[in-house]
Amino acid sequence: MRSLIVILLCVLSVPVTAQENRDDLTPLHIAYTTSVGDDKQTLRIDMSVDHIARPTVHLAMPDWTPGAYGIGRYGARVNGLTVTNGEGRALEVLPMDYKTWSVNTKGSKKIHATYTLKPGGRRGRRRTPAARAPAGEPTGLRLSGPSTYLYVVGSKHVPVSSRYEIPNGWKIANGLLPTGDPAVRHARDYDTLIDAPTTLGIFQEHTFEVAGTPFSCVFFSNDQQYDFDIAAFVDICKKIVKSQGDLYGSYPFPNYVFLFSLPGGGGLEHLNSTTIGLNPSGMKRDVRAGASVTSHEFFHTWNVKRIRPKVLGPFEYEHENYTGNLWVSEGWTSYFGDLTLARTGIISRQEYLSKIEGFIRVELNKEARKEHSVYWASRNVWHRNRADGLPRVDYYAKGELLGLAIDLKIRHETDNKKSLDDVMRFFNRWFAERGVGFEEGDVERACTSISNHDFGEFFARHVRGVLDPPLKECFAYAGVEYTENHLTASLPFSVRRRGADRRVMRIRDETSGEIRSGDVIKAIDGDGRFDTTTFLAKRTAGDEVTVTYVRDGKEGEAKVRLLERRTMIPSLRFIENPTDRQRQIREAWLTGND
Ligand SMILES: [Zn+2]
């Protein structure tokens, strides 16, 4: 004790002198400039950081993109990083690892970093390159924030500005706040900056308002061909926006931008925007082809962007962020996404049931469901084995089925006075509007308290456990009959329908003979309009059938033997004479009205 006091006295007796490099608590001023190169494909990023009072500044790139749960190592894409001080003199830059650089400021209050981006680096589950421009003369490009912008370690919370230097005739579209300068946008912090994907180029823009809130639909195709009914599709977007806004009672943003691109597929959610890829031939056949993904991504505006598990914001970009609740954040988003289409009449009630039948058939025929719960599938997303190709439990589809079952059960238990709509509104008030995330057990607690029915057993069996959801019981509450039939024979390969094509995905057995993965199946036993389920219902294992296929543009024929394999075929049907209670639940469920 004595000696410690002596040491302390020695420390305290050091005379205080001026400290050149102390942090004086002045917030940094950070500004980015994104410049499109003369080739209209490459990007240069300039980043200026002012009001520095530190001997070193660490600059870093994120490792992943929120919403795409996979490590992307974007730091490996930063090319030719140089840093100068306020007078343009080069400063020493020391790489700390593949994503972090240490800059010796030498007392300078201002630094200026410049770099370009290497193409590629597509290691995340979703492809999120910094800029994507298709083949041909570029007429625009699309930017993803996490793989584009460096951040100052310790200062992600600071407001930033973003300037875009683009070729003549190009425009800027993103969800960031406009400023007096049309080339400059503002973001309240780094998270918000990189949450705003940006389309730079020549594009079509259609706008509408709902309840005084402006919405914009941007369509970008590099060949500038938009061969589908854009007005009809914008009308679909408007119906989705209105229905989901009605569910929550208001919109949590000042404006919203849908960034559609063609050709493409999938989508990614953001705070007040979304990127969605559309398939041109699918959209030409039926503009509703883009409705489900649009409805899903828009519902994310609440569910996951604001109603979020605690670990999903503020984001930690340098490592995986685990949650067992993606079956809610993604699965319930799919549930409400598809339900919105039925509620708005974008699809018929019969089409809605067919869609659900499809999910049941896929999910409840997977062997993996007997081992893996949706809770486990959610947590394990970062470590999915992408190579084995075997069907895994899908927290999107299985989560959608569980959302549906829970919704109908709440309606039944409360005499149709409460529903999953109320659970979402509760989450919105209690968590989203207070800006906080929810804990692992809050979903179960919310379902229990809204319904006054103990959901403990349901969650233990069907969420953390691996028992199939009680679909027959839950559908019956809404007067929907659920039946299961079984096929005993199967083709020795799996087939996926894409548009008009039926393509071989996976070979199940060597009895597939000549058939290879990727072949397009034209006919079975000479029937070009075959329906696999109907065909197999009349066959037994061991039967030999003739398959006509196309590979590399050439047609061929192969004899294959059917396998013994049990497949469950679900069937859903609205019963014709429902009870009053069933009718009330059905109407409230499929209209969203009480
Ligand atoms: Zn999603």
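The values are calculated or read from the model by the stated rules, or taken from the named source; none is laboratory data. The structure presented is a predicted model; accordingly, all values stated were derived computationally and were not measured. No Cβ is skipped: glycine too gets one built from the backbone with ideal geometry, and neighbour counts run over all protein chains shown. These area figures cover heavy atoms from the full protein model, side chains too; ligands, DNA and RNA do not enter into them. Shrake-Rupley method; radii C 1.70, N 1.55, O 1.52, S 1.80 Å.
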List the aspartates and glutamates whose Cα sits under 12 Å from the Cα of Lys418, skipping any in the same chain fewer than 8 residues away.
Asp407, Asp594
Among His29, Leu420, Gly245, which residue has its Cα furthest toward the positive end of the charge dipole of the chain, with +1 on Lys/Arg Cβ and -1 on Asp/Glu Cβ?
His29
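Just tell me the longest site-free run in the chain, where the sites are trypsin sites (Lys or Arg not before Pro) in a DSSP loop having at most 10 other beta-carbon atoms within 10 Å. Display every interim value, and only then the final one.
Working: sites that count: Arg22, Arg89, Arg386, Arg529, Lys538.
So the longest stretch without any such site is 90-385.
Please give the FRET efficiency for Asp415 paired with Thr114, using the beta carbon to beta carbon distance and R0 = 60 Å, rounded to the nearest 0.05.
0.40
Could you size up the charge dipole of the chain around its Cα centre, putting +1 on the beta carbon of Lys and Arg and -1 on that of Asp and Glu, and report it in debye to the nearest 20?
The calculated dipole for the chain is roughly 660 debye.
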With unit charges on the beta carbons (Lys and Arg positive, Asp and Glu negative) and the dipole taken about the Cα centre of the chain, which residue among Val83, Gly542, Ser354 sits farthest to the positive side?
Val83
For Lys99, list the lysines whose Cα falls under 21 Å from its own Cα; do not include residues on the same chain fewer than 8 positions away.
Lys118, Lys156
Only bridges whose two residues both fall in the chain count here: according to DSSP, what percent of them are antiparallel, nearest 5?
80
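Please go through the residue pairs Lys284/Lys554; Lys109/Lys305; Lys355/Lys398 and name each one whose alpha carbons sit more than 24 Å apart in this structure. Kindly include the intermediate steps, with their values, before the conclusion.
Details: Lys284/Lys554 27 Å; Lys109/Lys305 35 Å; Lys355/Lys398 13 Å.
From Lys284/Lys554; Lys109/Lys305; Lys355/Lys398, over 24 Å: Lys284/Lys554; Lys109/Lys305.
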Across all directions of projection, what mean area in square nanometres is found for the Cα convex hull of the chain?
34.8
Please report, in debye to the nearest 20, how large the charge dipole of region 527-594 is about its Cα centre when each Lys and Arg carries +1 at its beta carbon and each Asp and Glu carries -1 there.
200
Using alpha carbons only, how many degrees (0 to 90, rounded to 10) separate the axis of helix 580-591 from the longest principal axis of the chain?
40
Would you list which lysines come within 16 Å of Lys559, measuring only between C-alpha atoms, while excluding same-chain residues fewer than 8 positions from it?
Lys522
Sorting Met96, Met61 by accessible area (1.4 Å probe), largest first, what list results?
Met96, Met61
Relative to the longest principal axis of the C-alpha atoms of the chain, give the angle of the C-alpha long axis of helix 2-12, reported between 0 and 90° and rounded to the nearest 10°.
70
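What shape does region 331-468 take by its C-alpha gyration tensor, where a ≥ b ≥ c are the square roots of the eigenvalues and a/c under 1.5 counts as rounded, a/b above b/c as prolate, and the rest as oblate?
Working: a/c = 1.62, a/b = 1.22, b/c = 1.33.
It is oblate, given that a/c is not under 1.5 and a/b is not larger than b/c.
Just to make sure I understand: if all protein chains stay in place, what is the order of Asp531, Asp594, Asp223 by accessible area at 1.4 Å, largest first?
Details: Asp531 75, Asp594 175, Asp223 95 Å².
Sorted descending by solvent-accessible area, the residues read Asp594, Asp223, Asp531.
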For an R0 of 51 angstrom, estimate the FRET efficiency from the Cβ-Cβ distance between Glu484 and Ala76 and round to the nearest 0.05.
0.55
With a point put 7 Å past each Cα toward its Cβ, work out how far Thr26 is from Arg361 in nm, to one decimal.
6.7
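Just want to confirm a number: the relative contact order over the chain, from Cα pairs under 8 angstrom separated by 6+ residues, in percent.
Values: 1191 pairs, mean separation 54.6, N = 594.
So the answer I get is 9 percent.
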